[in-house]
Protein chains: 4
Amino acid sequence: MSTTKFSADEPALDRFYADLAEADLQPLWTQHGLLTPEPVPRTLPYRWRAAELKALGERAGALVPVDRGGDRRVLACANPGLGGAPYVSSTLWAAVQYLGPHEVAPAHRHTPAALRFVLEGEGVWTLVDGDPIAMSAGDLVLTPSWTFHEHHNPGDASMMWLDVLDLPVVHALEAVFFEIGPSATADRRTDAVSESERRFGSGPGLRPTLLDGPLPDHSPLLAYRWADTDRGLRSALEVSKTGAAELRYTDPVRGRDVLPTMRCEITRVAEGAATDSSRQTGSRVLTVLHGRGRIEIGDRLFDVEPGDIAVVPSWSPWRIHADRELDVFTTSDAPVLEALGLFRRSS
Amino acid sequence: MSTTKFSADEPALDRFYADLAEADLQPLWTQHGLLTPEPVPRTLPYRWRAAELKALGERAGALVPVDRGGDRRVLACANPGLGGAPYVSSTLWAAVQYLGPHEVAPAHRHTPAALRFVLEGEGVWTLVDGDPIAMSAGDLVLTPSWTFHEHHNPGDASMMWLDVLDLPVVHALEAVFFEIGPSATADRRTDAVSESERRFGSGPGLRPTLLDGPLPDHSPLLAYRWADTDRGLRSALEVSKTGAAELRYTDPVRGRDVLPTMRCEITRVAEGAATDSSRQTGSRVLTVLHGRGRIEIGDRLFDVEPGDIAVVPSWSPWRIHADRELDVFTTSDAPVLEALGLFRRSS
Amino acid sequence: MSTTKFSADEPALDRFYADLAEADLQPLWTQHGLLTPEPVPRTLPYRWRAAELKALGERAGALVPVDRGGDRRVLACANPGLGGAPYVSSTLWAAVQYLGPHEVAPAHRHTPAALRFVLEGEGVWTLVDGDPIAMSAGDLVLTPSWTFHEHHNPGDASMMWLDVLDLPVVHALEAVFFEIGPSATADRRTDAVSESERRFGSGPGLRPTLLDGPLPDHSPLLAYRWADTDRGLRSALEVSKTGAAELRYTDPVRGRDVLPTMRCEITRVAEGAATDSSRQTGSRVLTVLHGRGRIEIGDRLFDVEPGDIAVVPSWSPWRIHADRELDVFTTSDAPVLEALGLFRRSS
Amino acid sequence: MSTTKFSADEPALDRFYADLAEADLQPLWTQHGLLTPEPVPRTLPYRWRAAELKALGERAGALVPVDRGGDRRVLACANPGLGGAPYVSSTLWAAVQYLGPHEVAPAHRHTPAALRFVLEGEGVWTLVDGDPIAMSAGDLVLTPSWTFHEHHNPGDASMMWLDVLDLPVVHALEAVFFEIGPSATADRRTDAVSESERRFGSGPGLRPTLLDGPLPDHSPLLAYRWADTDRGLRSALEVSKTGAAELRYTDPVRGRDVLPTMRCEITRVAEGAATDSSRQTGSRVLTVLHGRGRIEIGDRLFDVEPGDIAVVPSWSPWRIHADRELDVFTTSDAPVLEALGLFRRSS
């Protein structure tokens, strides 16, 4: 809404404004930028380089211990548009987490939900409410809202992965709760197959007849394995007419998004092909698993290679060009926008 | 409700009853058996023997041609309690279908939904709205309501499978529609992987981001492969405390039953173990895929071996005893009972 | 599917058919009428006359006592197409129930759901699980599946109303349960406003913030009052372009049909106007509350006046012509057909 | 999570932190206040006085014109905890809007949803997508997301009402869209009954059989009239054991909250009685329609009278004490919290 010039008695207006301020009131007609024709995101299109993330992760590993007294060894992407907040976008947190050989990140839980996407390596376990989930490159692992989670690395190699959280949303809603894990002793189980996968991961459309009580708000399947994803992408690309194919990770029992606040998708673009440009309300963080190419976001163009992280602001058009077959994992806040009747998408 | 003795004027009552009949009315108080304390099913517990089904199927193959002028070569289980109706229970149709080498069962569609469960062999394709689905032992293949379906056998061996339909229900609701296929020429495609599986069969919880329009009433995945089912049963049995495990086949996108009218489940019972006895409203037809054992239904006890078909009437307790590890596939009308608020189960 | 002539060896075929019968099997190819191009309902279009119903109801009142040893004093419409079954259609039961001055129909419950629509008079109470619901002309009162219900008439005038039940469906599904009420003593409460209305009947879209536990399968509002219905019909007719308006009775909390098995609707047709002809799968029973006109059902045309009952078979086109402004209450099995993916409607 | 003291090489750590900042990364372990044991709302408990709101509204009416060049004449409650933002809480906007005699607030629409609750007077119409809705004391009127809305006052008296919007949420999600109305000419219809009420406001559970296309995300009923609400409160209070009763305004067709982002409720507390103390995640704004009493919020106690506005921060306990029978209308963001799996409530 545009500003208005009043031909009113200016001193009276000034007194009036002062009285309003005194009464903790503000006139709507002096507010600017509240109601804009289109979203004007503070989030900027941006890209973080894998090489830099890796080098800094390793320095963190050398300099900063991980133990119960401390915290996760996490480097958060701080979008330059957000005035110093440690958020990749107005609604998402994205970070790399580094766990050295034989280290343990002890159990805690919080209402912000998290997911882990492994870009490289293997050999770390994440325990979710005690269920041990092995992590390998290309796997998506969920640690949903208010589930206890801990990570341990029984091997001799360090490992880094991408964390995405809905923290900015939960913070804006003033709904953050946090709790230290129930036990001081880390659980170092290294089962090859988690209970969650045993129950819900057998195959498409198969589930136990009897569920142990009501299902949680989130997907009861906590790990989506790269072998399945890769096979799905291959099938989908075979029948694609554009050289690009996209899959969505969903709750295998109810078909909803994996988490009430975050949507996970993965796109494969064949060498030389590109996705169509599109934009939607809400933001998206993406990372490259394999391949090489360029990602257009708004008026920026970023070269990308495996391990790079980039962010698409709300309502900004974006597309992917593959120079070598590209696999791009993305997380968006689309379930939030959809639930509130605020989701829009256009090509 | 029990009968009543009236001390009324009997001749007046007789005249009254005659006048009611003349007016197409019936007094409730002379009706018996309408409202019983518990279900009194006409369906009887029963078992059909694999050897007999096979021998008769082969005689049908030799005696009765399959072509457009004719019909499916199908032998329907006729429950002896149902007065000659070709139904396995009051709500389900079960039959064996026999297709000889190089034969074709041409396309048609009908509002009754059908499913096929393959007990032995391989090499037949079922096309569902043109999508070619290979059939092998242990596979479940859906031909949902009002989808065109046809079967063809390009090989040199005959094949038999179990058909289950909701025909009695659709008939009772006076909602049967039927249509001959759109083309006189059979479609003889023999793709190894169906379009349906390519799109919805990659893995648990993975689906195309973009769906081609709204999903149908039934599962968009039309084939559930034995390899997945077997792996799921193995996992489930490993964590079972009773020696028995049961999986449900579901719509991979919405987690509902595969069809709005029929629930498919499979139970594995370890050698020497047994399921708990339970009963529920609505009927169930079952068939043995592997193993050997006994099935108790009401006060009957049936020895079973692979290929046998049996039926559990409404509200009849039943259980499975395995002499050798048993895999039992079952179909029930539970989704109908649940949708109408009439489902009850007790152990 | 049409019959087939086989050029097969006839004696072998005869032996084969005999062996099939012996094995409780039936060949599909000799079945006729199982799969028809369109529904071929056994239910016939029919109409019962108010005057006759009333006269016979009164004779029943004089001849047949209502007490715990007996039953409801109910005269069921027996569709002449259904071979003597006491059903108005293949899926619905319709009847008139007569309760004399100071009589009581004691409490019982059953899985078939019932509804009462009052055509004339007032002064009877129906108690549903103890909640006393006053009944007056034009009111719809629900006695859902497995709720205890009893009727009592504290006044000096007899009363008759229409009962509609889903009994044929529940019977076909072999899911009938029945139980005598918990107390031998009738509850003779005559509260002006029921608990159900107090909680859910204040106005459109208003409900208690706190519900006492989960809602039942059916509407928590058990009475729909004529004053509201009349006002709604008036509004709807004012904005109608065709001179006809139809309202649906729904669960005020979830917007679903009032019962999982039956849909209730009411149509007002202005003098001289008519509804469009339409047909749908499943059957419908209707009764006239006010007015005078004609109802076309299939190739039949019935004059109607207040209190008449008529039935529309599955897939039969029907329409209403009003000679004087007509209010027609209808109940159909549409929720059953919809839940099972079998609902079709065409104009 | 508590801070950590590292025994690390401090200069190296300083260089590392500088390099992180340079790379737009932030270490998690130096963040404080991100993950708190319980919500630590910036929103403060607060109350705005009716007398002051009214006096300032009238001064605004005298000083600031309302026309297309300008804007709504709206005074927004600015919570003192929010650093000058014009929001009543972290998630809600609350304001009084003043419309003088014969004034018009022209049509526009925006993705933030709004509702109007009339505290006094009558005689203004709000048009929602052209449907004219009369406004009177005690009425709730919805202007949902992206519906065109305009207000006009054909009478000689000014009128003020409460506006509540989800603007802070939509702004945080970077999903604000805004559009000027389609016509420069104001629509000055003054129909007594809106189209929305004609269709969906007849009575509890009655709706048109035929809907014109799919229902919107919000309630199709746009006005909830005081007469219905008052009757509902009276019924509810009669059966209340605590002297307090609360009703929720809901979508009459689907029973959901009236808007995807805001829950509206009204509480009546009998003279001398009080509500139980409770708290929940998310914030709530409330206003007093009738009566007199005190509202406890956290450790604050506010005297209230008709027209006062107050705010309850996230997770702050609150309760109402009535000195004279109190009617308190409240709006919360509970549907947002519930949709995202973040709703918690405790007493």
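Computed values, structure above
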{"quantity": "Matching residues in the range C:99-122 - criterion: being within 20 Å of C:Gly181 (Cβ to Cβ) and assigned to a strand (DSSP E or B)", "calculated": "C:Leu99, C:Val104, C:Ala105, C:Pro106, C:Ala107, C:His108, C:Arg109, C:His110, C:Ala114, C:Leu115, C:Arg116"}
{"quantity": "Selection from the range C:268-285 of residues that are away from chain D (no Cβ under 14 Å) and crowded, with 16+ Cβ neighbours inside 10 Å", "calculated": "C:Ala270, C:Ala273, C:Ala274, C:Arg279, C:Thr281, C:Gly282, C:Ser283, C:Val285"}
{"quantity": "Out of A:Leu173, A:Leu165, sole residue that is touching a Phe, Trp or Tyr at 6+ places or on another chain (Cβ under 6 Å) and within 14 Å of chain D (Cβ to nearest Cβ)", "calculated": "A:Leu165"}
{"quantity": "Extreme residue, surrounded by the most Cβ atoms within 10 Å (Cβ to Cβ), among residues of the range A:43-54 that are more than 9 Å from chain D (Cβ to nearest Cβ) and farther than 30 Å from D:Val169 by Cα", "calculated": "A:Ala50"}
{"quantity": "Count - residues of the range C:177-208 that are more than 14 Å from chain D (Cβ to nearest Cβ) and either under 28 Å from C:Val253 (Cα atoms) or of a type in the set (Phe, Trp, Tyr) (or both)", "calculated": "4"}
{"quantity": "Residue within the range A:45-53 that is modelled with pLDDT of 95 or more and assigned to a loop (DSSP other than H, G, I, E, B) present", "calculated": "yes"}
{"quantity": "Subset of the range A:123-158 [in a loop (DSSP other than H, G, I, E, B), within 18 Å of A:Asp251 (Cβ to Cβ), out of contact with any Lys or Arg (no Cβ under 6 Å at 6 or more places or on another chain) and not hydroxyl-bearing (Ser, Thr, Tyr)]", "calculated": "A:Asp129, A:Pro144"}
{"quantity": "Leading residue by the ranking (surrounded by the most Cβ atoms within 10 Å (Cβ to Cβ)) among those in the range B:173-191 that are touching a residue at least 60 places away in the same chain (Cβ under 8 Å) and under 26 Å from C:Ala334 (Cβ atoms)", "calculated": "B:Ala175"}
{"quantity": "Members of the range B:286-299 found to be touching a strand residue (DSSP E or B) at 6+ places or on another chain (Cβ under 8 Å) and away from chain C (no Cβ under 14 Å), listed by number", "calculated": "B:Leu286, B:Thr287, B:Val288, B:Leu289, B:His290, B:Gly291, B:Arg292, B:Gly293, B:Arg294, B:Ile295, B:Glu296, B:Ile297"}
{"quantity": "Subset of the range C:333-347 [in contact (Cβ under 8 Å) with a residue 24 or more places away in the chain and over 17 Å from C:Pro45 (Cα atoms)]", "calculated": "C:Ala334, C:Pro335, C:Val336, C:Leu337, C:Ala339, C:Leu342, C:Phe343, C:Arg344, C:Arg345, C:Ser346, C:Ser347"}
{"quantity": "Count - residues of the range C:177-198 that are part of a loop (DSSP other than H, G, I, E, B) and either under 17 Å from the mean Cα position of the chain (by Cα) or among the basic types (Lys, Arg) (or both)", "calculated": "2"}
{"quantity": "Boolean, C:Ala186 is more than 23 Å from B:Leu35 (Cα to Cα) and among the small types (Gly, Ala, Ser)", "calculated": "no"}
{"quantity": "Lone qualifier among D:Ala236, D:Ala184, D:Ala245 - being over 29 Å from A:Leu342 (Cβ atoms) and at pLDDT below 95", "calculated": "D:Ala236"}
{"quantity": "Selection count, the range D:246-267, where residues are more than 7 Å from chain C (Cβ to nearest Cβ) and in contact with a Cys (Cβ under 7 Å, 6 or more places away or on another chain)", "calculated": "1"}
{"quantity": "Test: residue in the range B:76-90 that is touching an Asp or Glu at 6+ places or on another chain (Cβ under 7 Å), closer than 16 Å to C:Thr30 by Cα, within 11 Å of chain C (Cβ to nearest Cβ) and not in a strand (DSSP E or B)", "calculated": "yes"}
{"quantity": "Residue tally, condition among the hydrophobic types (A, V, I, L, M, F, W, C) and under 14 Å from A:Leu92 (Cβ atoms), over the range A:295-347", "calculated": "8"}
{"quantity": "Residue check for D:Val40: assigned to a loop (DSSP other than H, G, I, E, B), β-branched (Val, Ile, Thr), surrounded by fewer than 17 Cβ atoms within 10 Å (Cβ to Cβ) and more than 7 Å from chain A (Cβ to nearest Cβ)", "calculated": "yes"}
{"quantity": "Output for the range B:263-296, where each listed residue is not in a strand (DSSP E or B) and not hydrophobic (A, V, I, L, M, F, W, C)", "calculated": "B:Glu271, B:Gly272, B:Thr275, B:Asp276, B:Ser277, B:Thr281, B:Gly282, B:Ser283"}
{"quantity": "Flag if A:Asp129 is surrounded by fewer than 24 Cβ atoms within 10 Å (Cβ to Cβ), over 18 Å from the mean Cα position of the chain (by Cα) and not hydrophobic (A, V, I, L, M, F, W, C)", "calculated": "yes"}
{"quantity": "Residue list for the range D:199-233, filter: hydrophobic (A, V, I, L, M, F, W, C) and either modelled with pLDDT of 95 or more or in a helix (DSSP H, G or I) (or both)", "calculated": "D:Phe200, D:Leu221, D:Leu222, D:Ala223, D:Trp226, D:Ala227, D:Leu233"}
{"quantity": "Subset of the range B:314-332 that is within 14 Å of chain C (Cβ to nearest Cβ) and either in contact with an Asp or Glu (Cβ under 7 Å, 6 or more places away or on another chain) or assigned to a helix (DSSP H, G or I) (or both) - its residue that is nearest to B:Pro41 (Cα to Cα)", "calculated": "B:Ser314"}
{"quantity": "Residues of the range D:211-245 that turn out to be closer than 20 Å to D:Ser194 by Cα, more than 7 Å from chain C (Cβ to nearest Cβ), of a type outside the set (Asp, Glu) and out of contact with any strand residue (DSSP E or B) (no Cβ under 7 Å at 6 or more places or on another chain), as a count", "calculated": "8"}
{"quantity": "Condition check for A:Glu122: in contact (Cβ under 8 Å) with a residue 24 or more places away in the chain, within 30 Å of B:Arg198 (Cβ to Cβ) and surrounded by fewer than 24 Cβ atoms within 10 Å (Cβ to Cβ)", "calculated": "yes"}
{"quantity": "Check on D:Ala105, at pLDDT below 95 and either more than 16 Å from D:Thr330 (Cα to Cα) or not acidic (Asp, Glu) (or both)", "calculated": "yes"}
{"quantity": "Number of positions in the range D:113-167 that are acidic (Asp, Glu) and over 13 Å from D:Arg189 (Cβ atoms)", "calculated": "6"}
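For (1) charged (D, E, K, R); (2) closer than 22 Å to A:Ser219 by Cα, each residue gets a yes or a no:
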| position | (1), (2) |
| --- | --- |
| A:Thr261 | no, yes |
| A:Cys264 | no, yes |
| A:Val269 | no, no |
| A:Gly272 | no, no |
| A:Ile297 | no, no |
| A:Asp308 | yes, no |
| A:Ser314 | no, no |
| A:Pro317 | no, no |
| A:Arg344 | yes, no |
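The values are calculated or read from the model by the stated rules, or taken from the named source; none is laboratory data. These numbers come from a predicted model, not from an experiment. No Cβ is skipped: glycine too gets one built from the backbone with ideal geometry, and neighbour counts run over all protein chains shown.
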